[in-house]
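Before any comments, here is the structure.
The values are calculated or read from the model by the stated rules, or taken from the named source; none is laboratory data. Predicted model only: the values in this text are computed from it and were never measured. Virtual Cβ from ideal backbone geometry, glycine too; neighbours counted across all protein chains shown. Only protein heavy atoms, including side chains, enter the accessible area calculation; ligands, DNA and RNA are left aside. Shrake-Rupley method; radii C 1.70, N 1.55, O 1.52, S 1.80 Å.
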Amino acid sequence: MASVIASTTQPPSRASDPLHAIDADGPDKADPHFPQEAIAAGAAPPHTGSLARRMMLIAAGWISILLLVGGVALDRTLTSLVTQQFDEQLNYMLTAMIGSAEIGPEGEVYFNRPLGDQRFLEPNSGLYWQISGKGHEDFPSYSLWDRSLSVKMDKFDSQARFFDSSQFVGEPLRVAQRAVVLPGSDTEWWFTVAAARDELDSQIANFRSILVWSFAILGIGLFVMAMLQTWYGLSPLRRIRLAIARIRTTGTNRVTDPLPQEVQPMVEELNALLAHSDRQAEEARTHAGNLAHALKTPLTVLTNAATARSQDLDEAVLRESAIMRRQVDHHLARARAAGRRAGGLARSNAMESAQAVQRAVARLYPNVRFDIDGAEDPQVALERQDLDELLGNLIENAAKYGGGSVFVTVDPEPESRMCTVWVEDDGTGIPESERVNIFARGTRLDTEKPGTGLGLAIVRDVVESYGGTITLAESEDLGGLLVKMCLPRAE
């Protein structure tokens, strides 16, 4: 039966199947990111760097940016506050000058009381004042000695204005200036107070030094905290690595350590992968047992015929060799199908497969009448080769053991979650008491017709491996056996 189906629906060869190519050759050697010499040496796949290093670089970058922006903003704020306080002192002196100024008999300006700061009387003390008016000589403080202040008399301004000046070499100044018209005079008098910036610059330098050191310590502390956070945050991944190492060294097959909920889905997927590997190993053992069971009888027949020097030894060798070849081909195909199912991309049209199998079986049983009905495009989550093998076993059994009529119904309930395939015949059927045992390996109810007794057992194994079910009942229409096979639909 397998040879006939293969002639009508040839499965893809290993060379044309990308999943088989990967299984046979290991990692994809066409990947440009995977070094060829590493493949030749059996090295591990390349990684994309350290996750902890990425987190630390991101943390360091954000800490640096935030501290830099915050430091600049705080520096400007404190500088503005210190400068404002310095200007308020100059404005206080300027107001005191204006309040003490009067016009003399000859139109000159004088103070009716001395200014309180002693530095105005000390030459080059760093604190100076000067009164200037158009058409009048400047009236300077003793601290100016033989120098004078440059006054900006571009426009009359009754409000004090402040600016920096570098008119004295080696002595930068902070200047406060205001224009006033004194009683008894029509002259615009410009009152100016200037102070060396040494004290102001010293205060700014002091708080900047404190600011830099404070932010440096804060940055180091935040970076250390980020390191500790990264180390503690990634500790569950280290625990997972140790758990996987225990699986490899102790033979356990599950990760049971309590872990945070963020990594629990990964652990569940890992446990599911381990369970899948266990199922594949069990399938491999089952395939080996099936193959050994199938080959044992032909080998025994050949051994007995050779020992007895039977006259029909040639015919026995050809017959039993064909049986063994069919079993070997079938189980090799089953092993490849198990690998293809791991990819999770299987998709086949159930009606097309049923029609192809019907045409193949019709060649073996030309006297049997076949009828196929049902939906035209039901898609099931099975590989085409496995689906052909399942339908081939069921339809061939119906043709072999039935009374001459086989009725196949594909997906009679399209709204169901599973795709159902019914295979009915008009034979004698199977007694209800034997319907469970018939799925056991080697069980045959009709020993007069050739066979190995593995057909229905293999069908059940394949169907269950894909998540489906298979049951036996009595056909209401034909009176023989009804095989109901439920297969998962393709997404």
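Here are the numbers:
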read-out: Under Karplus coefficients 6.51, -1.76 and 1.60, residue-wise ³J(HN,Hα) of the stretch 48-59 in Hz, glycine/proline x; value: 9, x, 8, 5, 5, 5, 4, 5, 5, 5, 5, 4
read-out: Label point distance in nm, residue 275-residue 254, each placed 7 Å from Cα along Cα→Cβ; value: 0.9
read-out: Segment residue 205-residue 76, length gained on full extension (0.36 nm per residue, minus Cα span); value: 45.2 nm
read-out: Euclidean distance between Cα centres, the stretch 137-154 to the stretch 287-312, Å; value: 127
read-out: Per residue solvent-accessible surface (Å²) - the stretch 139-252, probe of 1.4 Å; value: 63
read-out: Positive dipole terminus of the stretch 288-330, leading residue within 294, 305, 324 (C-beta point charges); value: 294
read-out: Computed lengthening from residue 311 to residue 163, 0.36 nm per intervening residue step minus Cα-Cα distance; value: 40.6 nm
read-out: Length gained when the stretch residue 318-residue 85 is fully extended (0.36 nm per residue, less Cα-Cα span); value: 72.6 nm
read-out: Amide H partners (placed H, <5 Å) of residue 124, local residues excluded; value: 144, 145
read-out: Vicinal HN-Hα couplings computed from phi for the stretch 229-239 (Karplus, 6.51 cos²θ - 1.76 cosθ + 1.60; Hz; Gly/Pro x); value: 5, 5, 4, 6, x, 8, 4, x, 5, 5, 5
read-out: Cα gyration tensor, the stretch 100-236 - rounded (a/c under 1.5), prolate or oblate; value: prolate
read-out: Built amide H within the under 5 Å cut-off of residue 481, gap 5+; value: 425, 427, 429, 475
read-out: Distance between modelled label sites at residue 124 and residue 147, nm, 7 Å Cα→Cβ extension; value: 0.9
read-out: Zone residues, the stretch 71-101, relative to residue 215, backbone N less than 20 Å from point 7 Å out along Cα-to-Cβ; value: 71-84
read-out: Note, ³J(HN,Hα) from phi for the stretch 470-478, Karplus 6.51, -1.76, 1.60, rounded to Hz, x at Gly and Pro; value: 9, 9, 10, 8, 9, 6, 6, 7, 9
